[in-house]
Amino acid sequence: MALLHKSFILVFLHICSLSWNAWAKVELTMGESVEVYLGDLAQIPCQYNFSDANKPSLVMIQWFVRAVGNSTRRRIFYGDDSQQMVDDNTDYSGRIEVTSDQQGTLLTVQDVRLSDEREFFCQVNGLAAGNAEGKTHLRVFAPPEAPVIEGVLTGISVTNEVPSKVASCEARNGFPKPNITWYRNSMPLVSAQGHVNVLTLVTRESNGFYSVQSKLEYKVVKEDKDARFSCEVSFSVPGAIRTAESKGINITIYYPTTMVELWKESPQGLVKEGDTVELRCQGDGNPPPPFIFNREQEPDVDLDSSGDVLVLPGVSRKDSGVYRCHPLDTEPHTEVTGDMQLTVHYLDPAVVVPKDSEVMFKGESLTATCNALSSLKTSTVWYKKGKQVGKGNTLLLRDATYDTTGEYVCEVTVPSLPGLRTSGSVHIIVQGAPQLNDEDREVELEEAAGRLVNLSCEAHGHPLPSISWNIVGSQSWHEVVSKANEHTAHSVVSVKVTSDISALCNASNDMGTEIKAFSIKAIPMVTSAAPFSPAEGSGVIIVVIILCILLLAILGSVLYFLHKKGKIPCGRSGKQEITKEKTTKDDIVVEMKSNTKTEEAVLLKGVNGDKKGPNDQYMELQK
């Protein structure tokens, strides 16, 4: 019954409002839209104003909703001065709250959902004072997930006639529907027939969100090998539009070779005979094609290579020339090649003139030459026994002596390529009469009789001299050293000096004879100051020293005995008494020794109380 009464009042008020609307007026203000993030709190204000002449005694407020594109609307709230009521069994039961005052009413929606994206109507009825209605569109926003880009895994050829799929991009779970834009090197790509195609698929998920998938088809060119492709998703938020960009990706571009370069990979620097040479060929095509190598002088002969590398082991000068490579992926009738000049440097064995050995006479001069054919400038140095004796291709030997004899080695090098070197040699033999090593041809000596003397004789010459001795004045001699090498003979004889001796050393060969004379004067072994040999002189000195020591010992003994007998006064006055001490024996022993013989010790004894006086004792010692 109450419900019927309430309905009647509402119908009555509505009829009255229609009849009074002609002369009553109310102003109502609402925003066109309210924007809010999903899950947030939405507040929709509704402001109204009655004229002062028509202030109503009762104001009724109602809120309605209507889905976008649907003419049917449904009330969700009713209120007046006496009651506030949220309608049951609606999407907003339990989620809305309405507050009102004389200036207006405010609808608050909690926990905004995607389904809240609709129109909200505010209706104000002041009966005779007038009524009005307004609406606001509640817009809900949910940013999508970050865009995910995936490039094609296989390479794309520039020879494809139509655009090829380059990448795909997806942005999921956004509201309202997001948009995707493609970029190449940060520049947007716009659809163009035959060059850029963008295919977009929008999906409305079961939860109400939108997911957008976009595929980029692009006609690649060679310059795209280093390009970076990316996608950007743009989406609306309350009061703005935001964007999110994916990571950049590169794609593999296949394109034919248009340029080829050939170079020497190893060895570094100049190439010499015997080196292993590695040539490498590289083009600008992708993927890198295999290459064919050949030589300019034999263009139809393919060299054995591996991929883009040609290895030439142990090269020689005949391997010099122009080498060429070309790829296998070039278009027919297209000549794309790489060329390089390979020069193999060489140094031939040294040629020495005279060859092997050369015999020359003393005093002569000789010119030797050393040459080696080379592809580079050479340097020549001459050595003898490891010591440098000349520089240049020519060696001049002037006024030859026996010291000129020997092996001369020429070494040829290439300064710009140290690995190239060669050498040759010539053996010089100086021929002539014997030449004694000492300048003195007559040697005089004085030696003590009985001594052994060594006489030495050394001679140079070619042919090798022979040495013989002629010794007069001694029958006791023999040769202790006899040796010879290629050009020198050496002999030493040991002679016992028994008398004056005359010795001759004869060095002879087919070219002549050279003589060296020795004269030895024999000196008898005496203790005079005459010259003596060091060995005998040392013995005489030792004997003299022994005699001096003996005399000093005798003198000391005499002075001691005189002192004991009181014959030698003590003190200044000479009257002091000499006290005799009783002793047993005083022994004085002097022992004389030398390196050749030992003298017997001389023992002198003096006993107190001896009947003989000091003078007698001294006389006995003198005897």
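Condition first: out of contact with any Gly (no Cβ under 6 Å at 6 or more places or on another chain) and either touching a residue at least 40 places away in the same chain (Cβ under 8 Å) or at positive phi (or both). Now tell me which residues in the range 58-70 satisfy that.
L58, M60, Q62, W63, F64, V65, R66, A67, V68, G69
Taken over the range 124-160, the residue count meeting the criterion of being farther than 26 Å from Y37 by Cα, more than 60 Å from the chain's Cα centre (by Cα) and of a type in the set (S, T, N, Q) is 2. Looking across the range 113-144, the residues that are of a type in the set (V, I, T) and within 16 Å of P45 (Cα to Cα) come down to V124, T136.
Can you find a residue that is within 23 Å of E27 (Cα to Cα), hydroxyl-bearing (S, T, Y) and either surrounded by 11 or more Cβ atoms within 10 Å (Cβ to Cβ) or touching a residue at least 40 places away in the same chain (Cβ under 8 Å) (or both) anywhere in the range 71-81? So far as the range 71-81 goes, yes, one or more of its residues are within 23 Å of E27 (Cα to Cα), hydroxyl-bearing (S, T, Y) and either surrounded by 11 or more Cβ atoms within 10 Å (Cβ to Cβ) or touching a residue at least 40 places away in the same chain (Cβ under 8 Å) (or both).
Whether a residue is at pLDDT below 80 and over 19 Å from L445 (Cα atoms) was assessed, and V526 does not pass this test. Just to be sure before I move on: is K377 loosely packed, with under 12 Cβ neighbours inside 10 Å, over 25 Å from E486 (Cα atoms) and of a type outside the set (V, I, T) in the structure I sent? So K377 fits the description; yes. Scanning the range 204-222 for residues that are free of Cβ contacts under 8 Å to residues at least 24 places away in the same chain and more than 27 Å from G239 (Cβ to Cβ) turns up just one, S206. Taking the condition surrounded by fewer than 12 Cβ atoms within 10 Å (Cβ to Cβ) and over 37 Å from the mean Cα position of the chain (by Cα), does V301 pass? Spelling it out, V301 is indeed surrounded by fewer than 12 Cβ atoms within 10 Å (Cβ to Cβ) and over 37 Å from the mean Cα position of the chain (by Cα).
Can you tell me how many residues within the range 53-88 are aliphatic (A, V, I, L, M) and in a strand (DSSP E or B)?
Going residue by residue through the range 53-88, those that are aliphatic (A, V, I, L, M) are 53, 58-61, 65, 67-68, 76, 85-86.
Next, from what is left, pick out any that are in a strand (DSSP E or B): 60-61, 65, 67, 76, 85-86.
Going through the range 53-88 one residue at a time, the tally reaches 7.
For the range 494-501, the condition holds for no residue, the condition being that it is out of contact with any Leu (no Cβ under 9 Å at 6 or more places or on another chain), assigned by TED's automatic domain parsing to the domain that holds L455, surrounded by fewer than 17 Cβ atoms within 10 Å (Cβ to Cβ) and part of a strand (DSSP E or B). Looking at Y408, Y402, just one residue is at pLDDT 90 or above and within 19 Å of S365 (Cα to Cα), and that residue is Y408. For the criterion of being more than 30 Å from N70 (Cβ to Cβ), in contact (Cβ under 8 Å) with a residue 60 or more places away in the chain and out of contact with any Pro (no Cβ under 6 Å at 6 or more places or on another chain), N185 fails.
Note on the range 122-181: enclosed strands (runs of 3 or more DSSP E) holding 2 or more residues that are modelled with pLDDT of 95 or more, touching a Pro at 6+ places or on another chain (Cβ under 9 Å) and of a type in the set (D, E, K, R) are 164-174. Return yes when V430 is surrounded by fewer than 15 Cβ atoms within 10 Å (Cβ to Cβ) and in contact with a Phe, Trp or Tyr (Cβ under 7 Å, 6 or more places away or on another chain) and no when it is not. Judged against the criteria, V430 is not a match.
Say whether the condition of being charged (D, E, K, R), surrounded by fewer than 20 Cβ atoms within 10 Å (Cβ to Cβ) and assigned to a loop (DSSP other than H, G, I, E, B) is met by at least one residue in the range 386-397. If you could, list the steps in order and put the result at the bottom.
We begin by selecting, within the range 386-397, every residue charged (D, E, K, R); these are 387, 391.
Keeping just the survivors that are surrounded by fewer than 20 Cβ atoms within 10 Å (Cβ to Cβ) gives 387, 391.
Filter once more, keeping what is assigned to a loop (DSSP other than H, G, I, E, B): none.
So far as the range 386-397 goes, no, none of its residues is charged (D, E, K, R), surrounded by fewer than 20 Cβ atoms within 10 Å (Cβ to Cβ) and assigned to a loop (DSSP other than H, G, I, E, B).
Of all residues in the range 222-276, how many are within 30 Å of I292 (Cα to Cα) and either part of a loop (DSSP other than H, G, I, E, B) or hydroxyl-bearing (S, T, Y) (or both)?
Here is the first cut: in the range 222-276, the residues within 30 Å of I292 (Cα to Cα) are 222-226, 251-276.
Add one more test, that the residue is either part of a loop (DSSP other than H, G, I, E, B) or hydroxyl-bearing (S, T, Y) (or both), and what stays is 251-252, 254-259, 266-270, 273-276.
Total meeting the criteria: 17.
Residues checked against (1) assigned to a strand (DSSP E or B); (2) assigned by TED's automatic domain parsing to the domain that holds C281; (3) at pLDDT below 95:
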| site | (1), (2), (3) |
| --- | --- |
| P299 | yes, yes, yes |
| D302 | yes, yes, yes |
| E331 | no, yes, yes |
| V336 | no, yes, yes |
| Q341 | yes, yes, no |
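If we scan the range 347-359, do we find a residue that is within 40 Å of the chain's Cα centre (by Cα), at pLDDT 95 or above and not in a loop (DSSP other than H, G, I, E, B)? Yes, the conditions are met somewhere in the range 347-359.
The values are calculated or read from the model by the stated rules, or taken from the named source; none is laboratory data. Nothing here was measured: the structure is a model prediction, and the numbers come from that model. Methodologically, a virtual Cβ is constructed for each residue, glycine included, from the backbone with ideal geometry; neighbour enumeration extends over all protein chains shown.
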